[in-house]
Amino acid sequence: MVVQMRYWKSYLVASFLLLILIGQNYTAVGQTSSMADHIVINEVDTNPPGDDSKMPIQWVELYNPTSDPINIGGWSIGATTGLKSYYTISTGTIIPSQQFLSYNYGPLWFPHVGAVVQLKDSNGTIIDQTPPLTDQADDGNSWQRAYDGYNTDSQSDWVFKVATPSSSNGRLTSAATSGQLTVSLSTDKTSYNFGDTVNISGQVSKLTYSNTGYPQQVNLIVSGPSVFQKTFTLYPGNNLQFATTMKLDQVLGFGDGKYTITATYGGAQTSTIFTLGATAFVPPPQTAQITITVDTDKPTYTISQPITLQGNVSQIIPLKAVTYKLYDPKKSLVSQGTIFPDSQGRFTSFNPYQQHLSTSGIMINNVNPIYGVYTIIATYGGATASTSFVLVPEVIQNSAISLSTDKQVYTLGDTVTITGRTNKAWVASVNLEIVQAYYAGVVAQTLDIKTLVNVAGDSTFSYQYTIPGKPDRLGTYRAIVSVPYATTETDFVVVENPDTYQAAPSSPLSITTDNSSYNVGDSMLISGKVAQSITTPVITGVSVKILVASSNGSAIISASNVGPNLSGAGEGVQAAPLTFSAYPDKNGNFQIKQTIPRNVFHQGDYVLTGFYGNLIAKTSFSVYDPLDTSFQEPIVASTDKKVYGVGETVKLNGKLSSLTGTSSFTLTLTKPDGGVISTPLQINNGLFSWSWDIPSTATTGYSSIIGTDRKSVVTVNTSANLYGIYRILISSAYAKTELFFQVSQNPQQSTEISPMAIEADKTEYVSTDVVKISGQVIPQINAAAKYANTMVQIMIYSYTGQQSYRTDASVDAGGQFHISVLLRPGMWKTGTYKVYSQYLTANAKTDFKVTDPFTTSSGKLQVFMTTDHDKYLPGQTVLITGRTSYIISIDTVDITIGQANDVIISEGQAMSKKGNSLSHVTRPFDQLGSFSYDYTIPTTASIGNYTVVAQVPFGVYNAFFEVVNQLPSQNATQGNETQVSPTNETQNPQQLTILPSTIGPTQKSTGLSMLVEKASRISSALIPIPLGEKSVANKTYYPRELDGLLRVNPGDENNVNIKVSLYDGTCIIGQDSNCKVTQSTIRGNVLYQIIKVGNQDFFIGYSGTGVRLEQFSIIPINANGVISDGQWDVEIMKKGQTTRFYYQVSYVSQ
């Protein structure tokens, strides 16, 4: 405010410009009052946190200010600039009176600068639109109407502040007009109690100035009973808004009754009222919320299948049933009912006594069923949960027998799974025959397996056949199933490399090769089929003649006197055109395997022509000679294998062309992690060789990469840098060549290099996690790649098929790439996501699952806050924890602590009633919307009640604790065991431990006789705690006491538990029946039980389950006893919930 007065001239110029902008009214449905009479765009976030160019995170909130529900089905939302993308609202969507609906869409739904957002009805008529909106902050603020439905057709209707999606921006209570100048005023509530804080806010329609050029002030006068009057003066901000707070304390003169707040600005005036009453000082209750989960037994059903509903509730309400409603894909209610949970909180619609009837589950009317996604909404005690399933049509089987294999193409050693079903009538077994035709030279051979396969009660059958690893098992197979009344069959193929297999086209005669190119000396498998018909029957003993020719059509001549002639004409015959003969089996399938010899084939392209009767078919292949350098690169090199395992030796051999030159050659090996090894090559008569021993163990590397928010730097553990694709570059001043090999964890499973691989660091995540995706490609450095996009394109799709994320990743020198994706709550819903990647012509994919346990926009936005205890001594530490009611973008919270009857909030500041400012601390929120603070009570603190004040942009919130002279004294018993008594002490004279008055970690005084070690905010599920003696400053300390505290989020109290065990597996605390302590040890004033662990007695204190702060303490019963050396294991029994565990070990010297 001082700045505004000091630079009033600049302020005046800026305000003049603002008034010019305000004068540029935007057109919508005309309004004469300040509240709209139609659906309005109530709030827009055109630049939320995150990358809206890749994710649909921009959102719009609609509001119905009218008194009637309005059907907005078929309406659309979009911008007049940018990409002009419009989202169409689903048919049948209705906004009730005074309610909100929010929509996310994108990417790039709206531009960040000058976005005019429009709402159109189904006829294209503009119902509402915003003024030009600019948001380049990329934060948690949004453009929103100053009040819900507030509409004067002016830019001043809109303000930029903390986003409130699907909730109120504030309600306008009253307004008065003076000419064109208006002022509005409201309070956050209409009724208050002593000790409350009134939040006063308002807005002016424009800025006004005095004759001297100074901005005018808003004058607020609060008047009430007994001639009470209080005055505030404040300036409107640049957004035309003003706000202040007022503490309602009796010491400030407030009494019971009605109060009026009057606001005056320029010539405009308005007022509002509130009431004030007395109430007793009662700390807010901390009650656990009821939660419910619901699911179906299957994700997909047909119309004849019963649907079993099942789930759990966290608390049992006597005589209360779970109510469920079933909605079809058109959102129409088709079924509803109730189910009572059992004593454990479980419920299900399945009736074991009626499982043979349709009534054992939820049924859908089979008359004109609607197929698609059905939604079930279940409610219980105010809690709501939903699930969905898909209804699909039943497959009508027209054939007597259904038959299929799990794949179409296999390789040697694979297992073929043959499944089927008898559709017409049930039989006990079916006859199965597996037939394969192959050749030994030119002699046709047949593999014929016959067996009986039993049929299950549902008429299905299954059989598995493992293909032998022999080369003659390559080819086409047929599976034939027969029953007395029908026969059916299906085919499958066995090839060397299923990835490169191409099925022969459907024609009377087809011919193909197992690869498109071969090296001289390779084996080539030629296969094909003669389609049987009346005009072209398959005749036994008649072969398919295959002629080999060059690409120009000239026949390839088989050399004479070189042993058995390739044409099958015998030894010593004259040279002749090269032909092969292949004999079809009874199904018309044929194949023949031949070697490509150097003395017949040269480098180039070739054509195979097959002849069978009048039928002709052709295919082509190419031959490459790695030792013929006259037509290719001047350097030819190859490794003995393409894929290796750790500890193996890579052997490379090569040859130089005579045209290469005589300069020296260098071999450079680039590893997957970018590491480089260079060595000179020794050339001997144009030949060279090189070997490298792969290390026997793999190490891991780390890499720092920029996060998706463009701000954070994430350190990722890259893939093990031993595994991956290696590049060999052989170069000189005149020539160079490169080749690749791969080191794999499972080299026996693959013989070819994968051109691209991609994986995520885990398979399952929860929202707020960071997905670290890494992969590797073979980098392309050819001429074509220089002009192509050589980035790796990565796309992530949700389970519904919608693109959730898209980015490009750079490839490093080793061919590796890495990205990280932050899973923002609310944007990444529960489900399976598929990751697709592409690099030039190569592609790969993987998937991962996301669980989103967080509510992101429901109910009133507030802060829940608590302390770990109710009472403390001076000098002890108070653990203060809190979180927002749902996930929002918020950075910090201001915390002030003072005596409950002395802290007030005045003009946004926490201070004492005497007007003295109180010190405060600022604590950050984590990504889950939680914060914590350890406050140490001064040793000089006064006895009494204290309040913790948390201030955030959307309100002020309190928690309470008490400082006392002495904590309540507690005793301990042994529970069900013998109690400690003077008699026991006489029989076993030992000094008993003086027990603490609480359970769990507490502030302890350290010194020469005691050390304390602490660990806090541990989020992992398994926490090992090693205990043993410690030597410090020539003194030995022994573990004396182990304390732990588990903190969970509201609503998770009954779903997360703690388990404490010894290293040998003995369970000390937990819910298992074999644990020594299974429930709370607190019995009235008694906090501890005596439990024997091995040969030692311990005091065990445990708070029990179902609380936000689950605590325990373990102390030897003997005052001089210590905890034996060893490891204690704390296990957090959870399923993805967010937890924080704290523990403390106290050591004593003896």
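The values are calculated or read from the model by the stated rules, or taken from the named source; none is laboratory data. Computed from a predicted structure; not experimentally measured. Ideal geometry is used to build each Cβ from the backbone, glycine not excepted, and the neighbour counts take in all protein chains shown.
Restricting the search to segment 127-157, which residues are in contact with a strand residue (DSSP E or B) (Cβ under 8 Å, 6 or more places away or on another chain) and among the charged types (D, E, K, R)?
Selection gives Asp128, Asp135, Arg145, Asp148, Asp157.
Restricting attention to segment 1043-1076, and to residues there that are out of contact with any Asp or Glu (no Cβ under 9 Å at 6 or more places or on another chain) and not in a loop (DSSP other than H, G, I, E, B), which single residue is surrounded by the fewest Cβ atoms within 10 Å (Cβ to Cβ)?
Cys1067
Would you mind stating whether Gly224 is crowded, with 19+ Cβ neighbours inside 10 Å, in contact (Cβ under 8 Å) with a residue 12 or more places away in the chain and within 16 Å of Gly277 (Cα to Cα)? If you could, list the steps in order and put the result at the bottom.
Values: crowded, with 19+ Cβ neighbours inside 10 Å: yes; in contact (Cβ under 8 Å) with a residue 12 or more places away in the chain: yes; within 16 Å of Gly277 (Cα to Cα): yes.
Judged against the criteria, Gly224 is a match.
Considering only residues of segment 66-95 that are part of a strand (DSSP E or B) and aliphatic (A, V, I, L, M), which is surrounded by the fewest Cβ atoms within 10 Å (Cβ to Cβ)?
Residues of segment 66-95 that are part of a strand (DSSP E or B), as a first pass: 70-71, 76-79, 86-88, 94-95.
With the extra rule that they be aliphatic (A, V, I, L, M), the set shrinks to 70, 77, 79, 94-95.
On the way: Ile70: 17, Ile77: 23, Ala79: 25, Ile94: 13, Ile95: 19.
If we take residues in segment 66-95 being part of a strand (DSSP E or B) and aliphatic (A, V, I, L, M), then Ile94 is surrounded by the fewest Cβ atoms within 10 Å (Cβ to Cβ).
Quick check: is even one residue across segment 1048-1060 at pLDDT below 85, closer than 27 Å to Val1086 by Cβ and of a type outside the set (D, E, K, R)?
Going through segment 1048-1060, the residues at pLDDT below 85 turn out to be 1048-1055.
Of the ones still in play, those that are also closer than 27 Å to Val1086 by Cβ are 1048, 1053-1054.
With of a type outside the set (D, E, K, R) added as a condition, the list becomes 1048, 1054.
Scanning segment 1048-1060, I find at least one residue that is at pLDDT below 85, closer than 27 Å to Val1086 by Cβ and of a type outside the set (D, E, K, R), so the answer is yes.
Out of the residues in segment 1018-1050 that are charged (D, E, K, R) and out of contact with any Phe, Trp or Tyr (no Cβ under 7 Å at 6 or more places or on another chain), state the one that is nearest to Phe1112 (Cα to Cα). Let's see the steps before the verdict.
From segment 1018-1050, those charged (D, E, K, R) are 1029-1030, 1035, 1040-1041, 1043, 1047; that's our starting set.
When the remaining residues are screened for being out of contact with any Phe, Trp or Tyr (no Cβ under 7 Å at 6 or more places or on another chain), the result is 1035, 1041, 1047.
Values: Lys1035: 29, Glu1041: 11, Arg1047: 12 Å.
Filtering segment 1018-1050 for residues that are charged (D, E, K, R) and out of contact with any Phe, Trp or Tyr (no Cβ under 7 Å at 6 or more places or on another chain), the one nearest to Phe1112 (Cα to Cα) comes out as Glu1041.
If the Cβ limit is 6 Å and pairs must be 6+ apart or interchain, which residue in segment 235-260 that is without any contact (Cβ under 8 Å) to a residue 40 or more places away in the chain and outside the structural domain of Ser156 (by TED's automatic domain parsing) pairs with which residue that is assigned to a loop (DSSP other than H, G, I, E, B) and not small (Gly, Ala, Ser)?
Gly255/Pro225; Gly257/Pro225
Got a number for residues in segment 201-217 being closer than 30 Å to Thr947 by Cβ and either surrounded by 18 or more Cβ atoms within 10 Å (Cβ to Cβ) or modelled with pLDDT under 85 (or both)? Talk me through it step by step, then tell me what you get.
Quick first cut of segment 201-217, residues closer than 30 Å to Thr947 by Cβ only: 201-202.
Cutting the leftovers down to either surrounded by 18 or more Cβ atoms within 10 Å (Cβ to Cβ) or modelled with pLDDT under 85 (or both) gives us 202.
Here the count works out to 1.
So, in segment 616-675, of the ones that are outside any strand (DSSP E or B) and closer than 30 Å to Ile546 by Cβ, which residue ends up modelled with the highest pLDDT? Outline the logic, then answer.
As a first pass, look at segment 616-675 and keep what is outside any strand (DSSP E or B): 625-634, 640-642, 645-648, 657-665, 671-675.
From what's left, closer than 30 Å to Ile546 by Cβ: 625-628, 630-632, 642.
On the way: Asp625: 67, Pro626: 57, Leu627: 54, Asp628: 57, Ser630: 50, Phe631: 43, Gln632: 49, Lys642: 86.
Selected residue: Lys642.
Mind listing just one residue for me: the one in segment 375-408 that is under 13 Å from Thr291 (Cα atoms) and of a type in the set (S, T, N, Q) and, of those, modelled with the highest pLDDT?
Step one: of segment 375-408, the residues under 13 Å from Thr291 (Cα atoms) are 378-386.
Restricting the remaining residues to those that are of a type in the set (S, T, N, Q) gives 379, 384, 386.
On the way: Thr379: 92, Thr384: 89, Ser386: 87.
Here the residue is Thr379.
From the list Thr302, Thr279, Thr323, which residue is at pLDDT 85 or above and over 22 Å from Val1048 (Cβ atoms)? Don't jump to the end; show me each part of the working.
Details: Thr302 fails: at pLDDT 85 or above; Thr279 fails: at pLDDT 85 or above.
When all the criteria are applied, what remains is Thr323.
All but one of (1) touching a residue at least 60 places away in the same chain (Cβ under 8 Å); (2) touching a strand residue (DSSP E or B) at 6+ places or on another chain (Cβ under 9 Å); (3) buried (at least 18 other Cβ atoms within 10 Å of the Cβ) hold for Val116, so report the exception by its number.
For Val116, the failing item is (3).
Output the residues belonging to segment 132-146 that are surrounded by 16 or more Cβ atoms within 10 Å (Cβ to Cβ) and either outside the structural domain of Asp51 (by TED's automatic domain parsing) or among the aliphatic types (A, V, I, L, M) (or both).
Leu133, Ala146
Does Ile895 count as modelled with pLDDT of 90 or more, more than 22 Å from Arg1108 (Cα to Cα), buried (at least 17 other Cβ atoms within 10 Å of the Cβ) and not assigned by TED's automatic domain parsing to the domain that holds Gln250?
Working: modelled with pLDDT of 90 or more: yes; more than 22 Å from Arg1108 (Cα to Cα): no; buried (at least 17 other Cβ atoms within 10 Å of the Cβ): yes; not assigned by TED's automatic domain parsing to the domain that holds Gln250: yes.
When the stated conditions are applied, Ile895 does not pass them.
Among the residues of segment 179-200, what is the count of those that are surrounded by 15 or more Cβ atoms within 10 Å (Cβ to Cβ) and either closer than 16 Å to Ser34 by Cβ or basic (Lys, Arg) (or both)?
Final tally of qualifying residues: 6.
Can you tell me which residue within segment 6-65, out of those that are at pLDDT 50 or above, in contact with a Leu (Cβ under 9 Å, 6 or more places away or on another chain) and of a type in the set (A, V, I, L, M), is surrounded by the fewest Cβ atoms within 10 Å (Cβ to Cβ)?
Met35
Quick check on this structure: which one of Ser930, Ser885, Ser942, Ser912 is out of contact with any helix residue (DSSP H, G or I) (no Cβ under 7 Å at 6 or more places or on another chain), at pLDDT 85 or above and more than 20 Å from Val198 (Cα to Cα)?
Ser942
Could you list, in sequence order, all residues of segment 529-561 that are modelled with pLDDT of 75 or more and at positive phi? It would help to see each step written out before you state the result.
Pass one, segment 529-561, residues modelled with pLDDT of 75 or more: 529-531, 542-557.
Of everything in segment 529-561, just one residue is modelled with pLDDT of 75 or more and at positive phi, namely Gly553.
Would a scan of segment 48-57 turn up a residue that is among the small types (Gly, Ala, Ser), within 20 Å of Lys331 (Cβ to Cβ) and in the same structural domain as Val159 (by TED's automatic domain parsing)?
Taking segment 48-57 and keeping what is among the small types (Gly, Ala, Ser), we get 50, 53.
Subsequent filtering for residues that are within 20 Å of Lys331 (Cβ to Cβ) retains none.
The answer is no; no qualifying residue exists.
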